[in-house]
Structure formats: C-alpha cells, structure tokens
Amino acid sequence: MKLELRGVTKKFGSLVANDRITLTVESGEIHCLLGENGAGKSTLMNVLYGLYQADEGEILLDGVVQHFSGPRDAINAGIGMVHQHFMLIPVFTVAENVMLGHEQTTFGGRLDLDASRAKVREISARFGFEIDPDAVIEDLPVGVQQRVEIIKALSRDAKVLVFDEPTAVLTPQETDELMAIMRQLKANGTSIVFITHKLREVREVADRITVIRLGAVVGEASPSASNTELASMMVGRAIDLTIAKGPELPGDVSLIVTSLSVIDSRAQYVVKNVSFEVRAGEILVIAGVQGNGQTELTEAILGLQSRVEGSITLNGEELVGRPVGGMLDAGVGFIPEDRTEDGLVAEFTIAENLMLDRSMGAPFVRWGTLQLGTLDEFAEATLIEFDIRAQGITTRVGTLSGGNQQKVVLARELSRDLRLFVAAQPTRGLDVGSIEFVHTRIVQARDSGIPVVVVSTELDEVVALADRIAVMYRGGIVGIVPANTPRDVLGLMMAGEIPEGVAA
Amino acid sequence: MTDNQKPVTGAKIASGFAGEPVQSPSGAHANGVDANQVDPIVAAPTEPAPPPAANRIITEILGGNAMISFLAIVLALAIGSVLIAFTNPAVQTSTGYFLSRPGDTFSAIANAIVGAYAALFQGSVYNFERSDFINGIKPLTETLTFATPLIAAGLGVALAFRVGLFNIGGRGQIIIAAACAGWVSWSFPMPYFLHMLVGVLAAVVGGAIWGGLVGLLKARTGAHEVIVTIMLNYVAYYLVSFLLRTPGALQASGSNNPKSPAALDTAIMPNLSNLLSVLFPGAPVGTFRLNFSFVLVILATFLVWYILTRSSLGFRFRVVGQNPNAARVAGIDVNRMYIVALVISGGLVGLAGASQVLGTNTTGFTAGIDGGIGFDAITVALLGRSRPWGVFFSGILFGALKAGGYTMQASQGVPIEIILVVQSVIVLLIAAPPLVRSIFRLPAPGSPVRAARRPGRLTEVVTK
Ligand SMILES: Nc1ncnc2c1ncn2[C@@H]1O[C@H](COP(=O)(O)OP(=O)(O)OP(=O)(O)O)[C@@H](O)[C@H]1O
Ligand SMILES: [Mg+2]
C-alpha cells in the first residue's frame with residue numbers, strides 16, 4: 001500500500017513538533033526516518049497511528065484521504081505499529097495477545113482462541129518464526145516478543161508497518177534477524193517506516209531515507225551516504241564523529257571488585273564470582289550480550305542488589321552493605337539502564353528530575369527546604385549545556401522525546417563532583433550527535449581522575465570508549481582485554497569462548 | 001536555542017507516549033544467564049515490593065484537574081435532583097394522573113428540586129428567614145464546623161496519597177486520637193487554653209502512633225497498608241469500646257454507659273461566640289459551634305502545602321509516590337518515607353479527633369466518635385485531588401452538604417441519604433474511570449499507550 005503524508009503539522013501548545021511534513025512511502029518500500037532526538041519522528045508516527053490528531057495536513061493510503069480518530073481506525077485501514085516497548089500483556093499467551101483488541105467469539109461469546117492460534121501458526125509459517133501460540137509472553141526473550149508484535153500487526157492485515165526504534169533493545173543477532181524479516185515483509189508488498197539512530201542499520205535495509213530536523217523535512221538522503229554526511233544532514237552542520245579521547249593517564253587502582261556474586265530472588269547466581277580493578281582515570285567497559293549479568297553488576301556496585309557476596313572497595317572503603325543514598329552522597333554517579341523506570345519521574349518537571357538524587361542537602365536543599373531559585377538556575381544552565389530539547393525547565397519529563405529523557409539523566413549525574421561513575425547503556429536511544437557528546441563527557445569524567453565503569457552492548461561504543469574491556473557471559477567475566485582487541489575476538493568472547501592468547 | 005524551546009501554554013498532555021525509545025526490557029532471556037532476571041526490589045526479601053499499579057492509579061486520580069472535580073460535583077447534584085424528584089410524595093401522586101394533567105407532574109418535580117436545593121443552601125450558607133445577620137449566618141459557621149475535622153482528616157489521607165499510600169485507617173486514628181485527647185482533657189487540670197493545646201498534642205501523637213504503626217508494619221513485613229489500616233480500625237474501635245466500659249479507664253465514673261467523662265472547661269476549645277463576646281462585650285454573640293480547631297486546620301493546610309511543595313521531605317514523598325523504583329535508585333529510603341508519611345498522615349487525622357472531643361463533642365464521647373469522618377476524609381482527599389487547598393475547599397463542600405442535608409430533611413422531607421448518594425457519586429465519577437481503565441487495562445481515551453515491557457512484571461501492564 002502506498003502511504004502519503006501531506007503537510008502534516010502537529011503542535012503541542014506553542015511547540016511545533018511536526019511542521020508541514022510531506023512524505024511518501026511506496027508500496028513495498030523500506031523508508032527510513034532519520035533525525036536528532038526530539039526532531040519529531042515519534043510524534044509523526046503517532047499521528048499516523050491515530051494516537052495524536054494532526055492540526056493540519058492529511059494522510060492518504062493508496063491515494064484515499066483517511067480520517068483516523070484513534071488507533072483502531074488506523075489499524076482497520078491497514079496500519080500497524082511495532083512499538084519499542086511492547087504493548088503485550090506479559091501474563092497472557094501469544095495467541096491471547098494476538099487477538100487482544102479484536103477478539104473473535106464463537107457461539108455464546110466464548111473466545112475463539114483456536115482461530116487465533118491458527119493465525120499465529122499461519123503467519124509464523126510464512127516468515128519461518130518458531131513461535132508457540134500458547135507460550136506466555138513473559139517467558140519469551142525480547143526478540144521473540146517483538147515478533148509477536150509483528151504477528152499481531154500482520155494478523156490485522158497491516159499493509160504499512162511502522163517500527164519506532166525497534167533495535168535499541170535487541171542483540172546484534174536479533175537485529176540481523178529483524179532486518180531479514182523486514183526484507184521479507186517488503187518482498188510481500190508491505191510498506192515499512194523504520195526509525196533508528198543506528199546508521200549501519202539504515203544503510204543495510206533502507207530503500208529511501210528522509211531526514212527530519214526540528215520537526216520539518218530537510219531532505220532525502222541516499223542509503224549509500226556516509227555516516228558523516230547523514231549526521232551533518234540531521235544536525236544541520238558539519239559534525240565530527242570521532243571523539244577526542246587522549247591516552248589515559250591512569251592513577252592508582254581505585255575501584256576493586258573481588259569475588260563478587262549477586263543472587264536473585266529465585267536463588268540463582270546472576271553474577272558469579274567476578275573480580276576486576278579499575279584505576280583512577282581509566283574507563284573499563286563491560287561488554288557482552290544483554291542479560292549476562294551486567295545490569296546486576298552495576299546495581300550491586302550502587303548497593304541496589306540485596307543479596308551480594310564478595311567485596312567492592314572504592315579507594316579502600318568497602319561499599320557492599322552501604323545504603324544507596326550514602327553511595328550517591330559519597331560521589332558515585334549512576335546511569336541506570338532502564339531510565340524511565342529507574343532514573344526519572346515522568347510526572348515531574350525537568351528541574352525536579354535534575355535534583356532527584358540530590359534531595360538531601362546543598363545546593364538544592366537548605367534547612368529541609370527546597371532552594372527552588374538555585375534549582376531553576378542550575379536547570380536552565382544544564383538545559384543549554386546538554387542541549388536538552390524542551391520547551392523549558394518546567395516541562396514534564398514524560399513529554400520529552402526518548403533521547404532527551406536520557407539526556408536529563410546523564411546531565412544530572414555528570415554535573416556533580418564524582419568519585420566513581422557507573423553508566424549502564426549510557427547512549428541507548430541517543431542520536432549520533434548526542435552519542436559523541438556523551439562519549440566526550442564520559443572521557444572528561446575519566447580525565448578528571450576518577451574510575452569509570454560503562455556497560456555497553458554496542459561494539460562501536462565499547463571500542464570508542466574503552467581503555468580496557470571486560471567481557472561478560474552468563475554472569476561471569478570471560479576475560480579482560482586491552483582496548484585494541486579485534487572485534488571478532490570480542491565477538492567470540494561475548495559468545496563465551498576464550499580465544500587463544502587471551503588471558504582470562 | 002531553537003523554535004523547539006519556546007515556552008508553551010498547552011494543556012496537560014499524557015506522558016509516556018507510545019513509540020519512545022524510553023524503555024528497555026532488561027532482556028533477561030536474551031542469551032546467557034539461565035535465571036530470569038528479576039527486579040531487585042522484588043528480589044529483596046526484606047523490602048516490600050512497591051506498588052507501581054497502585055501508584056499509577058493514584059497518579060491518574062490525582063492527575064485530573066479542577067475542572068473534572070467541578071464536573072463531578074455538577075453531575076452528582078444533577079443525579080441527586082433526579083432522586084429528589086423520584087422520592088417526592090407530590091411527584092409520585094401527580095404521576096398517577098400524568099396523562100390527564102402532565103403539567104402537575106412537572107411543577108411538582110420543579111418544586112421538589114428547587115425546594116430541596118434551597119433548603120440545602122439555607123442550611124449551609126445563609127438563612128434569609130432569620131431576622132438578623134448573627135442568626136442568618138449561623139448555617140455557614142455550621143458548614144465550617146462540620147468541615148473542620150473533614151479537612152484535617154482529608155489532609156492526612158491526601159498526604160498519604162501523594163506518597164502512594166491508601167490510608168483507609170482514618171477511623172481508627174480518630175478514635176485513638178480522641179481517646180488520647182479526651183483522657184488529657186478530664187484527667188489533668190491545667191490552665192485554660194494550655195490544657196486544650198496539650199490535648200490537641202496528645203491527639204496528634206495518638207493518631208501519629210496509630211498511623212506510624214501501619215507504616216512500620218508495611219516497611220518491616222511488606223503488609224499492604226489497606227489491609228493493615230482496616231484491621232487497625234477494628235482494633236482501635238474495640239480497644240476504646242473496652243476502655244469505655246472499664247471503670248477506671250475511660251469510663252465516666254458512676255455511669256454504666258460506655259461513655260467517657262466530659263472534658264474539663266479548661267480543655268475546651270474557645271468558639272466563635274466566646275471570641276465575639278470578648279471582642280464585643282454586651283453585643284449578641286449567637287450560639288456558634290465553630291471553634292478554634294478551624295484555625296488549627298488552616299494552619300495544617302499551610303503546613304501540608306509547605307511539606308509537599310517546598311520541603312525536601314515532601315520532594316522525596318512525591319518521588320516515592322510517583323515512582324518508587326526511581327526513588328530507590330536515587331538513594332531515597334522508600335520504607336522510611338512510608339513510615340514518616342503515615343506518621344504525619346495519622347497525626348493530621350488525629351487533629352480531626354481533637355476537634356471532635358475538644359471542640360464540638362465535649363460532654364463525653366463513645367466509640368462512635370469518628371462519626372464517619374475517617375471514611376468521608378477519603379472522599380474529601382479525592383475530590384481535592386490531594387492538593388492541600390483542594391482538600392480545604394472540598395472539605396468545606398462536604399461540610400455544607402452535611403449541614404444542609406439536615407435542613408433539607410427537616411424542612412422538605414428529603415431523605416438525608418440523598419446527600420450520601422451525591423457524595424458517593426462524586427467519588428465514583430472521580431475515582432472510577434481511571435480505576436476501571438486500570439482494571440481493564442484500557443488506554444486512557446486520547447492518550448497514547450504505555451505498556452508492559454519488562455518480562456515478568458505484571459504491574460507494568462497498567463496503561464495510562
Ligand atoms: N505529549 C507531548 N507533549 C508535549 N510535547 C511533546 C509531547 N510529545 C512529544 N513532545 C515534544 O515534541 C518534540 C518531538 O518529540 P518526538 O518524540 O517526536 O521526537 P523523536 O524524533 O521521536 O526523538 P527521539 O529520537 O529522541 O525519540 C519534542 O520536543 C518533544 O518534547
Ligand atoms: Mg522517538
């Protein structure tokens with residue numbers, strides 16, 4: 001189906017999130033949307049999906065003007081959306097989820113689960129998915145859950161599929177599989193809108209690329225354009241994608257983790273007997289496929305895990321057993337992996353979120369009273385320094401674009417005096433320009449002479465930041481290797497193999 | 001600075017809209033680790049799981065604006081009108097011959113409704129049938145008198161709400177507070193006024209302990225505060241009933257009734273008539289029941305406003321109320337916040353108990369001293385969106401309904417239950433839509449959906 005957006009404008013108050021956007025997606029085309037954080041990509045897709053009403057402009061499918069008053073209309077017209085965070089009910093089975101929202105019933109109002117099962121099987125067979133219609137969603141890996149989303153969309157005969165940053169949470173292998181699925185869909189005539197910040201993916205699958213800046217279309221790019229070309233088109237000026245990272249000047253050993261294990265509620269070891277050291281002025285990147293214990297390791301350092309064995313010392317002080325509040329006050333900066341759940345309060349303003357973990361004393365609290373003036377000044381300055389795109393410091397964080405939410409967390413943690421910086425997936429969801437900015441800031445933190453621990457699943461990021469790399473697999477550290485280790489060796493290690501000549 | 005950064009005057013828009021890369025499944029299963037990754041909070045045996053679902057519900061209920069409260073009141077009064085018309089004998093008779101003289105029915109309906117609401121006004125604001133101002137204005141002071149304990153207890157419930165806690169224990173807290181204040185009021189002779197202040201303090205402490213107990217149980221054992229508060233209501237009721245039947249405890253000496261002694265004069269709150277007689281000696285001062293506790297309640301409203309909007313404690317309260325996970329990561333001791341919040345909440349509810357036994361009900365009390373205030377306070381807090389001044393004014397509205405309801409019954413024969421229906425409909429309209437949405441997992445109309453992502457966390461499914 002051919003999708004046309006003509007002059008779509010969407011305003012939030014005085015903010016123009018989409019400014020007369022005109023876009024055509026031909027039938028059987030993969031069309032990439034590129035743009036900075038807050039450029040208006042998600043907003044445009046939400047308009048297309050009927051979640052927002054456009055203030056101006058029209059949506060045409062095969063040349064027919066559509067009027068969507070809600071997602072149901074959009075779905076009926078053949079539009080499907082695969083959200084980055086899935087709209088599935090974890091305790092329901094695949095078949096139940098697939099039929100949710102357009103339940104079919106048999107005689108007497110009984111749910112016709114069999115029909116839904118059959119549909120799941122039929123679509124799975126078409127794409128070669130192996131999905132058990134009776135599996136419960138919460139037991140499925142993320143990549144498979146995403147496939148259920150795709151099946152759900154296809155089961156309603158979606159002819160236009162929107163993917164909004166689908167790969168942010170996938171492993172590299174899952175990403176490759178998703179690309180293959182997208183190509184297959186395209187071959188079947190489905191039109192695809194694909195939003196991502198990863199230029200490699202763009203180049204791999206895109207037929208056409210539209211770049212959006214400040215809510216308006218700035219032009220089309222060819223899939224063969226270079227990273228720098230694409231990036232400068234997005235930002236509107238030439239940008240340099242390499243970070244200025246001087247050689248490290250490591251000082252004394254500062255953070256020492258010895259025989260650390262973390263036990264979860266099911267009495268399973270999620271981190272097993274891990275030991276490493278980080279020097280002051282050094283970045284240790286913990287690489288590995290998502291879900292191999294990295295998250296728990298960082299949480300254990302901050303004191304967020306309750307069952308921890310072993311020891312963690314910072315400059316000689318034992319950290320295990322200390323309350324989280326004490327850790328933060330002692331100068332540990334922490335970027336949680338899941339920022340909306342653990343790092344932000346969506347209903348709070350940007351300013352309030354910037355003091356979230358600093359509510360115990362100066363400068364934002366005196367005599368138990370909030371120093372709102374100080375906070376506002378700080379927030380204004382931070383907004384500019386970190387280039388957070390928002391209407392103002394009183395904007396509620398929940399209304400910010402995904403990347404800008406992430407920047408709020410980064411800004412809060414990086415604008416303190418730190419003695420240790422721990423960041424889990426610090427650049428997930430950020431646009432290329434912001435990634436370089438954040439990397440630069442992390443290197444600056446290192447150069448101020450503190451130990452830095454970064455968890456990343458992106459090899460590009462691992463290589464860009466690391467002074468040393470620790471690879472985790474199944475809760476343990478496979479090996480700690482120098483930053484110049486070849487990528488294929490890292491890849492092997494991430495799969496749990498210890499290549500020849502690597503010290504474990 | 002770009003166009004993007006101009007200030008906006010737009011309406012409130014739902015947060016957490018769809019399609020954002022703002023969340024990331026902690027893909028436990030992705031590869032590797034055999035155990036499912038479980039949220040650390042759930043994992044910790046010593047720390048009760050925070051209730052994100054409840055938090056979302058509260059956020060939604062409190063997130064509405066004053067307009068919704070206003071519409072709820074209007075709609076509830078409209079429904080009240082229908083009931084008034086239905087229960088009116090004249091309307092019933094005239095519908096008997098509706099077909100021959102329909103006009104009779106319509107005028108009977110109009111008379112019934114206008115009469116009832118006029119009586120409501122007369123009983124709650126100003127009575128034009130009285131000759132002088134001092135008597136005419138008495139209904140308004142009655143409204144404020146009824147409103148006083150409702151506001152105090154409403155503030156307590158509201159404060160707990162903002163921390164994500166349902167304090168259903170107002171009844172127990174009021175009973176305990178009343179017992180404490182009462183005991184001080186008849187057992188320890190003290191100078192005038194000071195005696196009363198000590199009594200108030202005792203009530204606040206009693207309520208705070210009874211509320212804090214809930215917080216302690218929640219923090220230590222993970223027990224849900226709704227269950228604990230409801231149970232403690234019974235404990236308080238039967239404990240005080242027992243003491244009121246026990247000579248030498250709270251029972252008035254020489255009496256067989258389960259009733260306390262009267263408060264000493266020194267412990268009784270001065271009322272408006274007392275004040276007027278000091279200010280204007282010799283002038284008619286009326287018989288106002290409105291007393292000093294109204295002043296305390298105004299101060300309490302300011303205090304709660306300060307705590308919630310200006311203090312760092314209140315900031316932490318609100319973080320815990322909105323997102324306990326983020327609170328934990330931000331180093332806030334969530335359990336301590338629960339305890340502190342319930343202590344303050346119980347203390348505020350205790351103030352309602354003091355206003356009862358030292359203000360309006362000074363001749364001795366029974367275990368029924370709560371008089372439904374503990375539960376009405378929940379409604380007041382809801383209607384006031386748990387904002388301090390919102391609670392203040394919704395307390396006054398409920399006070400007016402109470403004061404006017406009696407007049408309505410007395411002068412128009414309208415069953416007092418209609419007032420209860422009106423109150424209940426208000427709660428229903430305010431609380432039910434988000435509750436229902438949450439239970440059915442439906443997206444709020446017009447707002448993009450946010451949904452489950454972390455495998456294994458049912459509570460995440462609640463959409464908003
Ligand atoms: N519900 C809302 N209320 C107010 N402003 C909003 C709302 N949703 C989005 N915005 C604003 O509109 C702009 C565009 O946001 P959008 O989410 O579309 O960006 P995006 O291109 O998807 O960015 P990202 O790459 O970071 O996800 C941002 O400035 C954002 O703050
Ligand atoms: Mg987006």
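The values are calculated or read from the model by the stated rules, or taken from the named source; none is laboratory data. Note that the structure is a prediction, hence the values are computed from the model and not measured. Note that each Cβ is placed from the backbone with ideal geometry, even for glycine, and that neighbours are counted across all protein chains shown. Remember, those area values only see protein heavy atoms, side chains included, never the ligands or the DNA or RNA. Shrake-Rupley method; radii C 1.70, N 1.55, O 1.52, S 1.80 Å.
Scanning segment A:393-407 for residues that are within 11 Å of ligand 1 (Cβ to nearest atom) and either over 11 Å from A:ASN37 (Cβ atoms) or in the same structural domain as A:LEU44 (by TED's automatic domain parsing) (or both) yields A:THR395, A:ARG396, A:VAL397, A:GLY398, A:THR399. With respect to (1) assigned to a helix (DSSP H, G or I); (2) crowded, with 24+ Cβ neighbours inside 10 Å; (3) among the aromatic types (Phe, Trp, Tyr), the lone exception for A:PHE437 is condition (2). The set of residues in segment A:315-329 that are touching a helix residue (DSSP H, G or I) at 6+ places or on another chain (Cβ under 9 Å) and surrounded by fewer than 21 Cβ atoms within 10 Å (Cβ to Cβ) contains only A:VAL320.
A:VAL144 fails exactly one of the following numbered conditions: (1) surrounded by 15 or more Cβ atoms within 10 Å (Cβ to Cβ); (2) out of contact with any helix residue (DSSP H, G or I) (no Cβ under 8 Å at 6 or more places or on another chain); (3) part of a loop (DSSP other than H, G, I, E, B). What is the number of that condition? Failing condition for A:VAL144: (3). Among the residues of segment A:468-476, is any surrounded by fewer than 24 Cβ atoms within 10 Å (Cβ to Cβ), without any contact (Cβ under 8 Å) to a residue 24 or more places away in the chain and either closer than 29 Å to A:ILE239 by Cα or among the charged types (D, E, K, R) (or both)? Checked against the condition, which is being surrounded by fewer than 24 Cβ atoms within 10 Å (Cβ to Cβ), without any contact (Cβ under 8 Å) to a residue 24 or more places away in the chain and either closer than 29 Å to A:ILE239 by Cα or among the charged types (D, E, K, R) (or both), segment A:468-476 yields no hits at all. Being open to solvent by 10 Å² or more (accessible area, probe 1.4 Å), in a loop (DSSP other than H, G, I, E, B) and over 27 Å from B:ASN361 (Cβ atoms) is a property that B:PHE106 lacks.
Only one entry in A:ILE480, A:ILE469, A:ILE498 is among the aliphatic types (A, V, I, L, M) and outside any strand (DSSP E or B), namely A:ILE498.
The residues listed here are B:ILE137, B:ILE151, B:ILE168; of these, the one that is surrounded by fewer than 21 Cβ atoms within 10 Å (Cβ to Cβ) and not basic (Lys, Arg) is B:ILE137. Exactly one residue among A:ILE435, A:ILE450, A:ILE480 is more than 16 Å from ligand 1 (Cβ to nearest atom), over 18 Å from A:GLY343 (Cα atoms) and touching a Ser or Thr at 6+ places or on another chain (Cβ under 8 Å), and that residue is A:ILE450. You will find that of A:SER69, A:SER14, A:SER42, A:SER27, the residue that is facing chain B (nearest Cβ under 10 Å) and away from ligand 1 (no atom under 16 Å from the Cβ) is A:SER69 and no other.
Of all the residues in segment A:32-54, those that are under 27 Å from A:GLN184 (Cβ atoms) and more than 16 Å from ligand 2 (Cβ to nearest atom) number 1. If you go through segment A:77-88 and keep only what is more than 16 Å from ligand 1 (Cβ to nearest atom), in a loop (DSSP other than H, G, I, E, B) and touching an Asp or Glu at 6+ places or on another chain (Cβ under 9 Å), you end up with A:GLY78, A:PHE86, A:MET87, A:LEU88. Of all the criteria given as (1) assigned to a loop (DSSP other than H, G, I, E, B); (2) within 16 Å of ligand 2 (Cβ to nearest atom); (3) over 23 Å from A:ALA445 (Cβ atoms), the one not satisfied by A:GLY398 is (1).
Within segment A:336-365, being surrounded by 24 or more Cβ atoms within 10 Å (Cβ to Cβ), modelled with pLDDT under 95 and not in a loop (DSSP other than H, G, I, E, B) holds for A:ARG339, A:THR340, A:ASP342, A:GLY343. When you look at A:LEU410, is it of a type in the set (A, V, I, L, M), within 16 Å of ligand 2 (Cβ to nearest atom), farther than 21 Å from A:GLN173 by Cα and crowded, with 24+ Cβ neighbours inside 10 Å, yes or no? When the stated conditions are applied, A:LEU410 does not pass them. Kindly indicate the residue of segment A:330-368 that is touching a helix residue (DSSP H, G or I) at 6+ places or on another chain (Cβ under 6 Å) and among the polar types (S, T, N, Q) and also nearest to the other protein chains (Cβ to nearest Cβ) among those meeting that condition. Among them, the one singled out is A:SER359. Note on segment A:182-220: residues that are more than 16 Å from ligand 1 (Cβ to nearest atom) and buried (at least 18 other Cβ atoms within 10 Å of the Cβ) amount to 8.
Do we find that A:THR258 is in contact (Cβ under 8 Å) with a residue 40 or more places away in the chain, more than 10 Å from chain B (Cβ to nearest Cβ), closer than 22 Å to A:ALA466 by Cβ and surrounded by fewer than 16 Cβ atoms within 10 Å (Cβ to Cβ) in this structure? When the stated conditions are applied, A:THR258 passes them. Within segment A:163-174, the set of residues being at the interface with another protein chain (Cβ under 8 Å from one of its Cβ atoms) and open to solvent by less than 20 Å² (accessible area, probe 1.4 Å) comprises A:ASP164, A:GLU165, A:ALA168, A:VAL169, A:THR171. Taken over segment B:299-334, the residue count meeting the criterion of being part of a helix (DSSP H, G or I), among the polar types (S, T, N, Q), crowded, with 20+ Cβ neighbours inside 10 Å and within 13 Å of chain A (Cβ to nearest Cβ) is 3. Taking the conditions exactly as written (over 28 Å from the mean Cα position of the chain (by Cα), more than 14 Å from every other protein chain (Cβ to nearest Cβ), open to solvent by less than 10 Å² (accessible area, probe 1.4 Å) and in contact (Cβ under 8 Å) with a residue 24 or more places away in the chain), does A:ILE312 satisfy them or not? Spelling it out, A:ILE312 is indeed over 28 Å from the mean Cα position of the chain (by Cα), more than 14 Å from every other protein chain (Cβ to nearest Cβ), open to solvent by less than 10 Å² (accessible area, probe 1.4 Å) and in contact (Cβ under 8 Å) with a residue 24 or more places away in the chain. Of all residues in segment A:464-491, those satisfying the criterion of being farther than 27 Å from A:LEU249 by Cβ and within 14 Å of chain B (Cβ to nearest Cβ) are A:TYR473, A:ARG474, A:GLY475, A:GLY476, A:VAL478, A:GLY491. Just one of (1) free of Cβ contacts under 8 Å to residues at least 40 places away in the same chain; (2) within 16 Å of ligand 1 (Cβ to nearest atom) fails for A:GLU385. It is (2). B:ALA262 meets all of the listed conditions (1) over 16 Å from B:GLN356 (Cβ atoms); (2) in a loop (DSSP other than H, G, I, E, B) but one, namely (1). Once segment B:119-134 is narrowed to residues that are polar (S, T, N, Q) and not in a helix (DSSP H, G or I), the residue that is surrounded by the most Cβ atoms within 10 Å (Cβ to Cβ) is B:ASN127. Screening A:LEU418 on (1) under 28 Å from A:SER275 (Cα atoms); (2) in a loop (DSSP other than H, G, I, E, B); (3) modelled with pLDDT under 90 shows it passes everything except condition (3).
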